[in-house]
Amino acid sequence: DSLTVFFLLGYLFILNWRLTLIVAVLLPAIGWLVSKINRRLRRLNREHQLLTNELSYIVEETVGGYKVVKVHNGEQYEMSRFGEMSRRLRGYQMRMTVSGGLAQPLTQFLASIALAIVVTIAVVQASHDQTTVGGFVAFVTSMLLVISPLKHLIDVNQPLQRGMTAAELIFGLIDEPAEPEGGGKPLERARGEIEFRDVSFAYGPEGRPILESVYFSAAPGEMIALAGPSGSGKTTLVNLLPRFFDPSGGQILVDGVPLPEYDIHALRSQIAMVSQDVTLFNDTVANNVAYGQTADPERVEHALRAANLWDTIAALPEGAATLVGDNGMKLSGGQRQRLAIARAIYKDAPILILDEATSALDSESERHVQAALETLMKGRTTLVIAHRLSTIERADRILVMEAGRIVERGSHQQLLEQRGLYAHLHKIQFQQHAA
Ligand SMILES: Nc1ncnc2c1ncn2[C@@H]1O[C@H](COP(=O)(O)OP(=O)(O)OP(=O)(O)O)[C@@H](O)[C@H]1O
Ligand SMILES: [Mg+2]
């Protein structure tokens, strides 16, 4: 269409350059209008896309969080949120339709005015014998021929604009820097020596510091416990080890080598992690335990036994082939946590991170699981986070954190004798226990 327009204009110019010049003045005016409408369409499109996203978030949240919605009687609120968003979405849709619908009649209207002007001038020229009937007919025919491809070019615009905005959003995501692959250094099986050297960290470049000059080291096989008030940065600290984030200052070393030098997959295969919030996949128990590897039934059973979950699973009609539902919906909180522990056991990695791994268990199963974990910890370097201090008493070293710093360090006995924060926390828990 662009080519047709181009050549027809050239032909028009040869036929009658004066008239064509006039057309050439009128055309940009139409072009200007079209681009004006385009810009509006694009802006509306972007808003429309964003609102659509938001609408799907609302639906997702409401469906996913239906328990919270119900128990707080939030149906009305969610409905009004959804209604409001749909209303705005409809508003944008309407405005887009209006702008899109306006483009055609407006340009055609302007085109007919232009045509009228051209015809008038041609008539004047004819009366002065400056053009022939043949020339005039050829001119008008060619001009009419220009209109159809021009119209196509304008029509193709709306879908194009929509595609452009969608592409902008998608490429925005694709252009996000990918996770660093790490250096090429392979790591078959780490000995498990960990060292934090003056590590500091903030979420985002402008975030407040969450960790400040944290240093400690763990020899292979040692158990290091992290204690301290909620929000003091314990989870953040252990998340640095598998490089979910990189520290903003300082260095972390495994086996004496800074983390960025390792191939990131090799590094991560050294680490088994039971995190504060358990994630399960809508798959079978066995595949959840063996996640990332092919499930070997014997090893799965062994891991489940060690996590004190085998009896429960074996009693299910389909055993380890039972589907656990969305994020393990069909399991209890404690069972989910034990499944996560079984997953860590199955992974058999030299570094073990336990973030509140036994917090959802009753005292009875905690004792069992604790025993299993202790067997598991043998020969592995373990970082344990626990609010229940009784579970970390036998750690080789306890690091007590407060507001991103390690304020005390030592064994359980040493820390009690220091009569600092740890002793204080311990005293409170002990009193609660006695009560
Ligand atoms: N993704 C994040 N973005 C921004 N800030 C965060 C993020 N995750 C945690 N924080 C902040 O970092 C601080 C430390 O959080 P962290 O989860 O490490 O605490 P914690 O010691 O594990 O606490 P708890 O014992 O309650 O689990 C908190 O103040 C929190 O607000
Ligand atoms: Mg935490």
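The values are calculated or read from the model by the stated rules, or taken from the named source; none is laboratory data. Computed from a prediction, not measured in an experiment: that's the story for all the values here. Neighbour counts are summed over all protein chains in view; Cβ atoms, including those assigned to glycine, are modelled from backbone coordinates with ideal geometry.
Contact map, segment 122-136: residues that are under 11 Å from LEU19 (Cα atoms) paired with residues that are surrounded by fewer than 16 Cβ atoms within 10 Å (Cβ to Cβ), Cβ distance under 7 Å, separation 6+ or inter-chain. Pairs shown: PHE136/ALA126.
The set of residues in segment 207-253 being within 9 Å of ligand 1 (Cβ to nearest atom) and in contact with a Ser or Thr (Cβ under 7 Å, 6 or more places away or on another chain) consists of ILE210, LEU211.
For the condition crowded, with 17+ Cβ neighbours inside 10 Å, modelled with pLDDT of 90 or more and among the hydrophobic types (A, V, I, L, M, F, W, C), what is the one hit in LEU253, LEU280, LEU241? After ruling out the rest, the residue left standing is LEU241. When you look at GLN125, is it among the polar types (S, T, N, Q) and modelled with pLDDT under 85, yes or no? So GLN125 fits the description; yes. Would you point out the residue of segment 389-423, among those that are within 30 Å of TRP310 (Cβ to Cβ) and within 16 Å of ligand 2 (Cβ to nearest atom), that is surrounded by the most Cβ atoms within 10 Å (Cβ to Cβ)? The residue in question is THR391. Residues in segment 311-353 that are assigned to a loop (DSSP other than H, G, I, E, B) and polar (S, T, N, Q): THR322, SER332.
Selection of first residues in segment 225-239 that are more than 12 Å from LEU211 (Cβ to Cβ) and of second residues that are more than 8 Å from ligand 2 (Cβ to nearest atom) and hydroxyl-bearing (Ser, Thr, Tyr), restricted to Cβ pairs under 7 Å at least 6 apart or on distinct chains, gives the following pairs, ordered by first then second residue: ALA227/TYR422.
Of everything in segment 238-280, what is more than 16 Å from ligand 2 (Cβ to nearest atom) and farther than 23 Å from LYS185 by Cβ? Give them in sequence order.
The answer is LEU280, and nothing else.
Remark: pairs (first residue in segment 96-115, part of a helix (DSSP H, G or I); second residue modelled with pLDDT of 85 or more; Cβ separation under 6 Å; 6+ apart in sequence or on different chains) = MET96/LEU44.
Taken together, the criteria place GLY204 among residues that are within 16 Å of ligand 1 (Cβ to nearest atom), more than 23 Å from HIS387 (Cα to Cα) and either small (Gly, Ala, Ser) or not assigned by TED's automatic domain parsing to the domain that holds MET401 (or both).
Do we have PRO260 as in contact (Cβ under 8 Å) with a residue 60 or more places away in the chain and surrounded by fewer than 20 Cβ atoms within 10 Å (Cβ to Cβ) here? It is true that PRO260 is in contact (Cβ under 8 Å) with a residue 60 or more places away in the chain and surrounded by fewer than 20 Cβ atoms within 10 Å (Cβ to Cβ).
Let's see how each residue does on (1) more than 16 Å from ligand 2 (Cβ to nearest atom); (2) touching a Leu at 6+ places or on another chain (Cβ under 6 Å); (3) closer than 30 Å to VAL400 by Cβ:
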{"position": "GLY163", "(1), (2), (3)": "yes, no, no"}
{"position": "ALA167", "(1), (2), (3)": "yes, no, no"}
{"position": "ILE170", "(1), (2), (3)": "yes, no, no"}
{"position": "ILE194", "(1), (2), (3)": "yes, no, yes"}
{"position": "SER230", "(1), (2), (3)": "no, no, yes"}
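Evaluate segment 211-218: report whether one residue or more is within 16 Å of ligand 2 (Cβ to nearest atom), surrounded by 13 or more Cβ atoms within 10 Å (Cβ to Cβ) and not acidic (Asp, Glu).
yes
For segment 342-372, the candidate set comprises residues that are closer than 19 Å to GLU301 by Cα and modelled with pLDDT of 80 or more; within that set, the residue that is nearest to ligand 2 (Cβ to nearest atom) is ALA344. Before we move on, is VAL214 on the phi < 0 side of the Ramachandran plot and touching a helix residue (DSSP H, G or I) at 6+ places or on another chain (Cβ under 6 Å)? Taking the combined requirement at face value, the residue does not satisfy it. Could you list, in sequence order, the residues of segment 373-388 that are over 19 Å from VAL254 (Cα atoms) and within 15 Å of ligand 2 (Cβ to nearest atom)? Across segment 373-388, the qualifying residues are ILE385, ALA386, HIS387, ARG388. Tell me, please, whether a residue that is within 16 Å of ligand 1 (Cβ to nearest atom), in the same structural domain as ASN288 (by TED's automatic domain parsing) and modelled with pLDDT of 80 or more can be found in segment 307-321. No, segment 307-321 has no match at all.
Just one of the numbered conditions (1) within 16 Å of ligand 2 (Cβ to nearest atom); (2) surrounded by 15 or more Cβ atoms within 10 Å (Cβ to Cβ); (3) modelled with pLDDT under 90; (4) not charged (D, E, K, R) is not true of THR235: (3).
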